[in-house]
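Below is one structure, written out as C-alpha cells, with a few remarks after it.
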Amino acid sequence: MKTIPLEQWVFTQVGGGKGTQIDEYLPAFGSTTVHVELLKAKRIPDPFLGLNEHDVQWVGESDWIFKQSFVVSENDLRYANIDLVFEGLDTFAAITLNGKEILKTSNQFVGYRAGAKQHLKSGENELVIYFTSAFEKGRDVEKQHGKLNLWNGDSSRLHVRKAQYNYGWDWGPILMTTGPWKPVYLEMYHNRISDLYIKNDVSRDLAVNMTVEMTFFEKSPGQASLILKASDGAIVASNSNIRMDNGHAQVTFSFKPGELQLWYPVGYGAQPLYTVEADITGEDGKLLDSKIQRIGFRRTIIVQEKLIDQPGLSFFFEINNIPIFAGGSNWIPGDSFHAHRMNPERYRAWLKLSVDGNQNMIRVWGGGIYEADVFYDICDELGILVWQDFMFGCGQYPAYDSFLASVVEEAEYNVKRLRSHPSLCIFAGNNEDYQVAESMNLELDYSDETSDFRKTNFPARYIYERTLPEIVGRLSNIFYHRSSPYSGQGKPSTDRTLGDLHQWNVWHGSQEPWTKWDILAGRFVSEFGMEGYPNMRTVDYWLGGETKERFPQSRTNNSHNKADGFERRLELYLVENFKHSFEMERYAYATQIMQAECLASAYRLWRRNWAGKGKEYTAGALVWYLNDCWPTTRQVCIWSIADYFLRPKPSYFAIARELRPYTVGITRKEITTFVDERSAAKFTIDTVFEVWATNSTLTAKDVTLEFSNHDIHDPEFNDGWSKTVTLAPNSSTEVFKGSVNALQQRTTKSQVPKTIIASARLRDEDGTVLARYSNWPEPYKFIDFPKDVGFKIEISSDGESVTLSSKRPVKGIVLDVEGEDVKWSDQAIDLIPGDNQLVHAIGLKGRSVHARYLEHDA
C-alpha cells in the first residue's frame, strides 16, 4: 500500500467578497478551516477578541472552494485500486477530480472514501472541493422538513450533521466553520484490511477471550497473520496462517486469569496496553497491507441494582469487579477552530490536567464532535474513563429517511473507530433531548417500548431507542444508554433515584442554594456547575487592551457571556453568600471563590453518598466542564474549571482536594426544637456537626481524626479532640455526629452565635496530613472578618514554593504574582492557626507573592 498526503491547498470565496476577490486564491495547508486561513492572511479580525465575533458571521454564510494539484506517476497507476480518502469534510461538499464529480458529502462526522483510479492520469491532477454554506443549506432543509424546537443555537442545526456548538451555545460563540478539517490523501493498494474488529470478553473470574475479526476489500488468494504483543514488545499470541479467499476471517485467543495484565482506571491499578498487528500478503508473499491497533483488556459493566434504605436503583461503573466512584468533568471541543489548534500536545496537556486534578472520568458532550483518535489514545494511557455521547444536543431532532440514513452512516463509522479503546466505557444516545421533549410536552410515553415513534412529534426517539442501540450492540460490546440524562424504569429524566442526572437546579431551574447539594443528589450526576471568572490575565487578553471596558458590566464582558440571565443569576449567588465589590479584580475573585466553594461542596457531599455495597447512593459527579473552546465569553464568567490557556481556576484545585484518595468532610446544621406543638416562641436551637471521611483505595485505612474549633475573633480559643478511625475501603465512613462546646444552645434567634470554624484533619501513622477541611458558618456575608489575621507568606530558599501561616482562620486564599504566570500546586486555600500549608510554585523564581482572601488583600 502507498499513501500520498494531499496538503497543499489554495482556497477562495465563491463569487468573491470580504474574504477574497473574484478568482483570488489564498494558500492553505493541511487539515484546516476557512476562519483559520483568513486569520493567517489577515483578512478577518480575531473573533476571540472584543466584539469581533459579530464581524465574521459572513464567513459561515458564504460558499468556499478548496483545490490543489498533485502528481501521480505511471507506477502509481499500476495499483489495482486507488482511492481518495477524506477523513473529515466540514460539511456539505462536492468533490471533483479532473473535472469529474466523484463524491458529495453532508456529514462532518463521517470519513469518506471514493474510488479515483478511473479519473486519474499520469502527471498533474486537479482536486476541487466546493463547500456549500452549512448554515444556508440547513435553512433550506429546515424549510423543506419543518422547524423544530431546541435549546441553544439556530433551529436549522437540527437538520445538519455538523458540530452543533458551531451555531452558538450558552457558553460559546457562533463560528460556522467549513473546510477539509481532517486529513485528505490518496491511498493505493491491491488489497487492504477494510475492517479490524478486536472484541475482548473478560469474564467474572477475569479470564480473557479475544476475538479478532478481519474484513478484506477483495476476496483473493493469500494469507493474513495476527500478532498480539505486550507493551514491552513480547509476543503473547500469534496466528500466521489465516485464509483470505472468502473476504473475511476470524481468530480467537483465550487466556486464563492472570495470563494478561488488565487495564484499570487511574487510581485503581495500571494501564497496560497491548498491540494487535495484522498483515496480509499476496500469493507471492509480498506485503499488501498492515494495521496496528492498540488495545487494553478490562471487564466493564454498569451496575443497576436495588439499594439499601433508599428507593430506585444504583448506577455505577464496575471495572474488573471493582466498583468505581467516577469523579471527573464534562468535555466540550477544545477550540472553536478545532482542526488547526487541537494538536496531540494540547490534548495531552488538557487530559493530564484532569488526571493531576485527581479525576478519573471525562464525558464527551453531545453537542461537539467525536474527538480525534489521539484523545482516546491519551485517555487509554492515563487511565481516564470516557463517557461518549452521540452528537445530538438539546433538540427535537428529526428522523426522516435521508437524515436517518446519514445518522446510521455516522454511528457505524464512529462506533467502529472508537470501540477498541479500553477507556471507552459507555455510549449515550444524546445530550438532554429527552429533557427537551419533557419540557415542551412532546409525545413521550416512557412506558411505550414497542412503537416506531417516527410519526410522533418526538421522532428522534426512534434513533435513540432503535437505531443507535442496534448499531452499538452489533458493532461493539460497549454499554449503551439512551441519553444523558436518562432514568429508565418509565421515569422522567429528572428522577433522582435512577440512571444519571443533570442537576441544574443550582444556577438554572429553581436556582437552589448550593448548600442543598446533599438533597439534590442523584445516582450519577453527569452534569452540574457554577460560573466563575478566569485568571485576570485571560480577562485582559479578551479585552484586547480596552481598559475602559475593564469592569464586570461592560459591553465587551456582556458580549462574552452567552447564558440567558447570567447577570441576574451570577449576582443572585454572589449576593446570597458574599459581601462583594464591583471593582474588576475583586469581583472576579468573588466569583472564583463562589465557584470553588459551590463545586467542592457538591463533590464532598456526593462522595459521602458512596457508602459501600448496597449504598452506592451517588456513584459519580462530572462537573460542567473542564475546558473551553475560546478565551472569552464563558471565559468572562464561565463554567469551566480551567480557562482556554489551560490556567486552572481556583475551583479546579478545590475539586482536586475533594477527589484525593482520602478526604474528610463536615456539615453543620441548626436544629430547632419547639417545647410543645402549641408554641412558636419557645424553642431551642442546637448546632449539630456531622463528620465523615472517604477512602478510595481498596484497603481499609487506620487514621487519626483531629477535630478542632476556632473562634475567628479569639485567637486564644481552641477546642477539640482526636480519635483513631478505621476508614472502610472504597467508600465513605461516618465518624461523628453531635454538638460542640464552642456553640451553646440558643433559645432565641436574636442570639447571634459565635463565628466558629470547625476544622478536621486526617493524619497517617507517621503524622502526615492525608486530608483537611474547614467548615465555616454560611453565608459568609454575615461574618465580621477581623482586619489583622496574622497571615504570612514565606518563600522557600529555592524560590519555588511558599509556606502559608496565620494566627486566625483565613478563607479562600488565592495566590498570584506580577508578570509571568506560576504553576501553583494549590489554590482557594482555607488556613487554620497551627496548620501551616506548603504550596509548590513552579516558575516562581523567588518573586514576591501577593494573596487575596475573603475581605482582604495582602
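Can you name the residue in region 1-54 that is among the acidic types (Asp, Glu) and modelled with pLDDT of 95 or more and, of all such residues, is surrounded by the most Cβ atoms within 10 Å (Cβ to Cβ)?
Applying the first criterion (among the acidic types (Asp, Glu)) to region 1-54 yields 7, 23-24, 37, 46, 53.
With modelled with pLDDT of 95 or more added as a condition, the list becomes 7, 24, 37.
Numbers: Glu7: 16, Glu24: 12, Glu37: 23.
Taking the candidates together, the pick is Glu37.
The one condition from (1) more than 25 Å from Val839 (Cβ to Cβ); (2) surrounded by 23 or more Cβ atoms within 10 Å (Cβ to Cβ); (3) among the β-branched types (Val, Ile, Thr) that Ile655 does not meet is (1). As a summary of the residue check, Val59 satisfies the conditions (1) surrounded by 17 or more Cβ atoms within 10 Å (Cβ to Cβ); (2) in contact with a strand residue (DSSP E or B) (Cβ under 8 Å, 6 or more places away or on another chain); (3) touching a residue at least 40 places away in the same chain (Cβ under 8 Å); (4) aliphatic (A, V, I, L, M) except for the one numbered (2). Restricting attention to region 806-850, the residues that are part of a strand (DSSP E or B) and crowded, with 20+ Cβ neighbours inside 10 Å total 12. Here is a list: Arg454, Arg466. Which entry is touching a residue at least 24 places away in the same chain (Cβ under 8 Å) and out of contact with any strand residue (DSSP E or B) (no Cβ under 7 Å at 6 or more places or on another chain)? The conditions single out Arg454.
Taking region 172-211 as the region of interest, the strands (runs of 3 or more DSSP E) fully inside it that hold 3 or more residues being modelled with pLDDT of 95 or more are 184-189, 193-202. Within region 58-70, if we keep just the residues that are part of a strand (DSSP E or B) and not hydrophobic (A, V, I, L, M, F, W, C), the residue that is nearest to Arg43 (Cα to Cα) turns out to be Lys67.
Does Asn358 fit the bill of being out of contact with any Ser or Thr (no Cβ under 7 Å at 6 or more places or on another chain), farther than 17 Å from Leu424 by Cβ and free of Cβ contacts under 8 Å to residues at least 12 places away in the same chain? Here the answer is no, as Asn358 does not meet what is asked. Name every residue in region 71-93 that is surrounded by fewer than 16 Cβ atoms within 10 Å (Cβ to Cβ) and in a strand (DSSP E or B), in order of residue number. The one that is surrounded by fewer than 16 Cβ atoms within 10 Å (Cβ to Cβ) and in a strand (DSSP E or B): Val71. Within region 259-266, is there a residue that is part of a strand (DSSP E or B), in contact with a strand residue (DSSP E or B) (Cβ under 7 Å, 6 or more places away or on another chain) and surrounded by 13 or more Cβ atoms within 10 Å (Cβ to Cβ)? Checked against the condition, which is being part of a strand (DSSP E or B), in contact with a strand residue (DSSP E or B) (Cβ under 7 Å, 6 or more places away or on another chain) and surrounded by 13 or more Cβ atoms within 10 Å (Cβ to Cβ), region 259-266 yields no hits at all.
Matching residues to (1) under 24 Å from Phe645 (Cα atoms); (2) not basic (Lys, Arg):
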| residue | (1), (2) |
| --- | --- |
| Ile793 | no, yes |
| Ser796 | no, yes |
| Ser801 | yes, yes |
| Ser805 | no, yes |
| Arg808 | no, no |
| Gln827 | yes, yes |
| Asp830 | no, yes |
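Criterion applied to Leu424, Leu385 was being aliphatic (A, V, I, L, M) and under 26 Å from Ala521 (Cβ atoms), and the one residue passing it is Leu385. Is it the case that some residue within region 164-176 is among the charged types (D, E, K, R) and more than 25 Å from Leu6 (Cα to Cα)? Within region 164-176, one or more residues are among the charged types (D, E, K, R) and more than 25 Å from Leu6 (Cα to Cα). Going by the conditions given, is Gly393 surrounded by fewer than 22 Cβ atoms within 10 Å (Cβ to Cβ), under 24 Å from Gly488 (Cβ atoms) and at pLDDT 95 or above? So Gly393 fails the test. Can we say Ala700 is of a type in the set (A, V, I, L, M, F, W, C), surrounded by 15 or more Cβ atoms within 10 Å (Cβ to Cβ) and modelled with pLDDT of 95 or more? Considered against the rule, which asks whether it is of a type in the set (A, V, I, L, M, F, W, C), surrounded by 15 or more Cβ atoms within 10 Å (Cβ to Cβ) and modelled with pLDDT of 95 or more, Ala700 comes out as no. Within region 338-355, the residues that satisfy the criterion of being farther than 14 Å from Ile384 by Cα and either surrounded by fewer than 20 Cβ atoms within 10 Å (Cβ to Cβ) or touching a Ser or Thr at 6+ places or on another chain (Cβ under 6 Å) (or both) are Ala339, His340, Arg341, Asn343, Pro344, Glu345, Arg346.
Selection over region 138-158 of residues that are surrounded by 19 or more Cβ atoms within 10 Å (Cβ to Cβ) and more than 26 Å from the chain's Cα centre (by Cα) gives a count of 4. Of all residues assigned to region 530-543, at least one qualifies as being buried (at least 16 other Cβ atoms within 10 Å of the Cβ), of a type outside the set (D, E, K, R), modelled with pLDDT under 95 and under 19 Å from Tyr603 (Cβ atoms). Scanning region 288-335 for residues that are in contact with a Leu (Cβ under 9 Å, 6 or more places away or on another chain) and within 30 Å of Ser194 (Cα to Cα) yields a total of 9.
Of the residues Val735, Val691, the single one that is more than 24 Å from Asn836 (Cα to Cα), modelled with pLDDT of 95 or more and among the β-branched types (Val, Ile, Thr) is Val735.
Which residues, counting only those in region 279-301, are of a type in the set (A, V, I, L, M, F, W, C), part of a strand (DSSP E or B) and under 33 Å from the mean Cα position of the chain (by Cα)? Correct list: Ile292, Ile295, Ile301.
Report whether or not Thr275 is touching a Ser or Thr at 6+ places or on another chain (Cβ under 7 Å), among the hydroxyl-bearing types (Ser, Thr, Tyr) and closer than 20 Å to Ser476 by Cβ. Don't jump to the end; show me each part of the working.
Numbers: touching a Ser or Thr at 6+ places or on another chain (Cβ under 7 Å): no; among the hydroxyl-bearing types (Ser, Thr, Tyr): yes; closer than 20 Å to Ser476 by Cβ: yes.
It is false that Thr275 is touching a Ser or Thr at 6+ places or on another chain (Cβ under 7 Å), among the hydroxyl-bearing types (Ser, Thr, Tyr) and closer than 20 Å to Ser476 by Cβ.
Residue check: is Ala405 more than 30 Å from Thr275 (Cα to Cα) and out of contact with any Leu (no Cβ under 7 Å at 6 or more places or on another chain)?
Values: more than 30 Å from Thr275 (Cα to Cα): yes; out of contact with any Leu (no Cβ under 7 Å at 6 or more places or on another chain): yes.
Spelling it out, Ala405 is indeed more than 30 Å from Thr275 (Cα to Cα) and out of contact with any Leu (no Cβ under 7 Å at 6 or more places or on another chain).
Residues being loosely packed, with under 14 Cβ neighbours inside 10 Å and under 31 Å from the mean Cα position of the chain (by Cα) are represented in region 202-210 by at least one member. Selection of strands (runs of 3 or more DSSP E) fully inside region 715-781 by the criterion of at least 1 residues being surrounded by 14 or more Cβ atoms within 10 Å (Cβ to Cβ) and more than 33 Å from the chain's Cα centre (by Cα) returns 731-738, 756-763.
The values are calculated or read from the model by the stated rules, or taken from the named source; none is laboratory data. All of these numbers come straight from a predicted model, not from anything done at the bench. Glycine also receives a Cβ, built like all others from the backbone with ideal geometry; neighbour counts cover every protein chain displayed.
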